[in-house]
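All remarks here apply to the structure that follows.
The values are calculated or read from the model by the stated rules, or taken from the named source; none is laboratory data. What you are looking at is a predicted structure, and each value in this text was computed from that prediction instead of being measured. FYI the Cβ positions are ideal-geometry reconstructions off the backbone, even for glycines, and counts take in every protein chain you see.
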Amino acid sequence: MANTSDSFIDEVTEAVRRERLHRWFRRWGWLVGLGLLAIVGGAAFLEWRNSRALAEAQARGDALLAALEAPDGAERLAALAALPEHPVARLLLAAEQAEAGDVAAAAASYDRVAQDATLRPLWRDLAALKAQMVRGAEADPAALEMLAAPGAPFRLLALEQRALWDLRQGDESGAVARLRDLLGEDGIGSAQADRVSALLTALGEPPAAAEPDPPLITPQP
């Protein structure tokens, strides 16, 4: 008798549970379905967006390669200028303009990248440095000083360009001092160190040779 009673109670409890679940789904089931639809739709949208971005990047790369493979300089310039706006395309265009001797156009192209606030600072600093490099004697020393600030990504190259600007202005002693300071900077690469040392030697101010290590003294028995 006790087993029969317990079984009856279990059946009633299960029936009540099913009824509650049924009512809950009738009330909130549409919200669950909407959530599932949003998840599936969001995943599909992300997949579509990633595929589209990949396709656009591939198309941009193909267009860049096609422009750079043009055999004639004028054709390369025209092809690069016709490409959609992108920092890589703009930097390549500026380099081609500088190669063609059009300093004003090259500097303007570099400035366009440097002044684009939507780009990462690394792109902007690189373009700003290249703009001052192509200007040569007409470079802005204040801009070079900003690019040579501690922690700037192209600090060492900017310091070198600042020394070259001094030379172009006839300030040889100032250039020599800057170049010597540059050789003592942490992180200077071997290629840049060799370039700076060669320039100092050409100016008649070879870098100071490193002092030899003192000889080891072996104690006598």
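Can you spot a residue in region 154-170 that is surrounded by 18 or more Cβ atoms within 10 Å (Cβ to Cβ), at pLDDT 95 or above and closer than 30 Å to P84 by Cα? Yes, that holds for at least one residue. Checked against (1) over 27 Å from R124 (Cα atoms); (2) part of a loop (DSSP other than H, G, I, E, B), G151 passes all but condition (1). The set of residues in region 66-86 being in a helix (DSSP H, G or I) and surrounded by fewer than 19 Cβ atoms within 10 Å (Cβ to Cβ) consists of A66, L68, G73, A74, E75, A78, A81.
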